[in-house]
Every structure is written in C-alpha cells, then in structure tokens.
Amino acid sequence: MRYTKHRRLVSSAMAVTLGATTLAACGSSDDGGARSGPVSLTYWTWAPGMDKVVDLWNEGPGKKEQIKVTVKKQASGDTLVTKILTAHKAGKAPDLVQAEYQALPTLVSNDALADISQDVGDAQDEFADGVWQQTTLGTDAVYAVPQDIGPMMFYYREDLFKKYGLTVPTTWDEFADTARELKKKSPETDLTTFSANDSGLFAGLAQQAGARWWSTSGDRWKVGISDGATRKVAEFWGGLVEEGAIDNQPMYTPAWNKALNTGRQIAWVSAVWAPGTLSTAAPDTEGKWAMAPLPQWSEGENRTGSWGGSSTGVTTDSGHKEAAAKFAVWLNTDGDALNALAKESGIYPASTSAQLSGAFTTPPEYFSNQPDFYEKAAEIAQTTAPSAWGPNVNVAYTAFKDAFGAAAKKKSGFVAAVEAVQRDTVADLEKQGFEVAP
C-alpha cells in the first residue's frame, strides 16, 4: 500500500486517531498461521552488546519458535535513519530496526515502519501511557515497542547544597531563586549551565511544560515550536543566562567536566542516564550527588520530560512481520532480556516492571549514597509527559543549535531563537511537500 503525502501525514499524526482505520487495512501480519519452517530476521541496532542479548533469544524462545535473529551493528541518530530510508526505497530494509522516538514520525511518514498493533498482544500494559504514546503517534496503530527511556531529573551536590545552605528546589521559581542565592554566597560558583548545543534537553523541558511541537490540523501538519509553553521555557532559561545567574557553557567539554569535578557547578538538569556521565566527567565527586524530581512550573504538579530513548520497530519490507513483532515484544518486556540489556547495553528500560527488578534493585555505584535511586527513578518515569514529534526533527534540532548558540553567545535571550526554529521547521516541511497549517 503506497502513501501519498496526505495519507502519510494522517498515518503519522501525533495527537489524533484519524487514520487508524486506513492503517488497519494495510495489516502487519503477513506470515501468521501460514508460516512454516524456520524464519531468519535481521535487526539493525547501535546498542552495544546487543548480539549477546539476542543470543538469549536464539538459544531459547527463538529456537522453540524457529525464529532466528541476526544483529547488524549500525551507527545511531540521523545516520541510521538515512540508511534505513535508503534501504527501504530499494525494498531492502531489514526486518527490525532500533529507532529513537523522535525518528518514528520520519520513518512512518516514509512508509518504512509497519503497524504491528495486531501482533503485540497486551504489551501496552508494560509501559507508562506517555511512553507508549510515543510509539503509536497518537493513533490506534503501533509502530514500535518501547525499549529504553530517559525521564528527566534534577541532580545536585548534596554536600555543597548543605555547605551553602540551599534547599532543593521543587518549582522553577525556586530553582531561579536558588541560582541567585548561590551567586550571592559564592560568586565563582554556578548552580548549573544552559547548554545551547543540546536540543534534546530543551525539547524535554518544553515537553514538561506542556509543549506539543508537532501536531495535525485536518490533513495538515501544525508546528508549535513557538507555542506559549516553549516560549515560557525559553524566557526562563534565557533570563537566567542574561542576568548571569547560571553559566551558559556547553556540556560534555573538558571545561564542563572540570566545573563538575571541582564543585564550580553544583547541579545538573539531566535524565536517568546521568550517573554514567557523571562517573566519567566528575570521578572525584562519587557519592556526593543526589537525585530529585525536576522542579515543576506550578506547585503540586508532578510531570517530567524525556531526554533520549529508543524503540524496536518492524519495517514494511519485512516478509515476517508477525515473527519480528514477537521478537520485539520479547526483547523489551522479558525479564531476562531486559536484565541483559541493562548489563550489556547500559539501558534504562521502558518496561515499568523491569525498573525495580534485576539490575535496578541496587543504586548505581556512583550513587551508592542514595539507596532508593531507582525507586525514585521509577516513580518519576511514570510521570513522563506525552511528546509530539514530527517528520523533520533533525531540521528543527539543527536550527536550534544555530539559533540558540548565537543567542547564548550574545546572552541576548532565547525567544527570538525559538521563533527562528519555528520558521526553519515550517519552511522545511513546506519544501518537502507537506501541507502546513498556520
């Protein structure tokens, strides 16, 4: 079944169920009961150690089901998306692909991912609503099974908060006040930094505030990158940078590492994967950090954004979609598989039942001082706000780095930068032939 631009728009709609009936007509189970004999599947993934995890399948359930999976290691990010689409145009995409959540609309709008809703059983019960929604794109279709997630959290130097008499902020207003209070007590110390290089961080913060960057209006895409929620987030962080209350150097640089390691920066807005980064960036501060929920925009709210995460999708080129979906569900819901993924690939599972079992019954070594680390992380993960991705996230992210990078360098605020990202994203959609609502 081929898709026109209009049909592709509907199939990848973010917040509407329009198109579910059309999608159902395509089906996804083309091997079903008619399959006989062994099946061989190919899986493109960048996750380290995935071959060892897949071995568990091939030697166990896969052997019984006569379904063998072969891992083909790939690059990640836009490089993999491009490779998948190129292979799909030739009708030679693999059976299974690892895909970041923000890449799913691009793959769906190019008819590269199959609807596997009829083949995943009750897998939805394993995931938080906001996580599952990312693989359905707001429709009745299912385009992938969630694998790992990156719920956002607030990390802080527990010892230095005590030294400076600071209280862990529970709202963003308190966060700003804490940054200013620290500057008064220790002018050479920053609460944190705003990194204009990290579009994923800003997207997660906007998501927490209620932003929906892509949606549909009738048969047209609607881009909301300059919506009220996003502008609020931009004004907040731009204002703190402009007044000098926080730093604005990029993250993951030697200078940033040194600031963390020496206590010149004492907090970090990040995600559940932060312990691994901190152990490398600030090795001398092990056991001195603690984790708390993100500050909220209003007192009493309980919502977080997401920074990172991926899923396992079945391609439309696969001749064994039902078998591929069966493997995707096993990989991301089976206890043994998830423990192996945690050990070999270092993931934080999307499956809620796995977040408090196996590898996640004890805290990360770096956070041995916080025994309930993963218990808190699981609670926070349940509050993940729905996201809204579109078919040109890569363009928006590139525009973000350009516009926010220039604004951060000038310390000129970020509202104009948000508007620039909006314009570039809309222009690209129109250039691709999509209809865009005003």
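The values are calculated or read from the model by the stated rules, or taken from the named source; none is laboratory data. Computed from a prediction, not measured in an experiment: that's the story for all the values here. Positions of Cβ are backbone-derived with ideal geometry, glycine not excepted, and every protein chain shown enters the neighbour counts. Keep in mind that these areas ignore ligands, DNA and RNA; they rest on the heavy atoms of the full protein, side chains included. Shrake-Rupley method; radii C 1.70, N 1.55, O 1.52, S 1.80 Å.
Matching residues to (1) touching a Cys at 6+ places or on another chain (Cβ under 7 Å); (2) more than 26 Å from Lys184 (Cα to Cα); (3) surrounded by fewer than 23 Cβ atoms within 10 Å (Cβ to Cβ); (4) not aromatic (Phe, Trp, Tyr):
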{"position": "Gly244", "(1), (2), (3), (4)": "no, no, yes, yes"}
{"position": "Ala271", "(1), (2), (3), (4)": "no, yes, no, yes"}
{"position": "Lys288", "(1), (2), (3), (4)": "no, no, yes, yes"}
{"position": "Asn302", "(1), (2), (3), (4)": "no, yes, yes, yes"}
{"position": "Gly308", "(1), (2), (3), (4)": "no, yes, yes, yes"}
{"position": "Thr333", "(1), (2), (3), (4)": "no, yes, no, yes"}
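Return yes when Lys401 is surrounded by fewer than 21 Cβ atoms within 10 Å (Cβ to Cβ), outside the structural domain of Lys64 (by TED's automatic domain parsing) and on the phi > 0 side of the Ramachandran plot and no when it is not.
Answer is no for this residue.
Looking at the stretch 210-242, which of its residues are within 17 Å of Val395 (Cβ to Cβ), of a type in the set (Val, Ile, Thr) and not in a helix (DSSP H, G or I)?
Those that are within 17 Å of Val395 (Cβ to Cβ), of a type in the set (Val, Ile, Thr) and not in a helix (DSSP H, G or I): Val223, Ile225.
I need the full set of residues from the stretch 102-114 which are not in a strand (DSSP E or B) and not β-branched (Val, Ile, Thr), in order please.
Gln102, Ala103, Leu104, Pro105, Leu107, Ser109, Asn110, Asp111, Ala112, Ala114
Looking at Thr384, Thr352, Thr316, which one is open to solvent by 10 Å² or more (accessible area, probe 1.4 Å), under 26 Å from Ser117 (Cα atoms) and not assigned by TED's automatic domain parsing to the domain that holds Glu59?
Thr384
Go through the stretch 57-96 and give me each residue that's assigned to a helix (DSSP H, G or I), open to solvent by 70 Å² or more (accessible area, probe 1.4 Å) and either more than 24 Å from Gly346 (Cα to Cα) or in contact with a helix residue (DSSP H, G or I) (Cβ under 6 Å, 6 or more places away or on another chain) (or both).
Lys63, Lys64, Asp78, Thr82, Lys83, Thr86, Lys89
Only residues that are basic (Lys, Arg) and surrounded by fewer than 21 Cβ atoms within 10 Å (Cβ to Cβ): list them for the stretch 113-170, please.
Listed by number, the residues that qualify are Lys162, Lys163.
Taking the condition open to solvent by less than 10 Å² (accessible area, probe 1.4 Å), touching a residue at least 40 places away in the same chain (Cβ under 8 Å), touching a helix residue (DSSP H, G or I) at 6+ places or on another chain (Cβ under 8 Å) and not assigned by TED's automatic domain parsing to the domain that holds His88, does Trp297 pass?
Here the answer is no, as Trp297 does not meet what is asked.
Read through the list (1) among the aliphatic types (A, V, I, L, M); (2) farther than 29 Å from Ala245 by Cα; (3) open to solvent by less than 40 Å² (accessible area, probe 1.4 Å), then give the number of the only condition that Ala417 fails.
Only one criterion is unmet by Ala417, namely (2).
Report the residue count in the stretch 240-286 for those that are farther than 29 Å from Ser412 by Cβ, touching an Asp or Glu at 6+ places or on another chain (Cβ under 7 Å) and of a type in the set (A, V, I, L, M, F, W, C).
0
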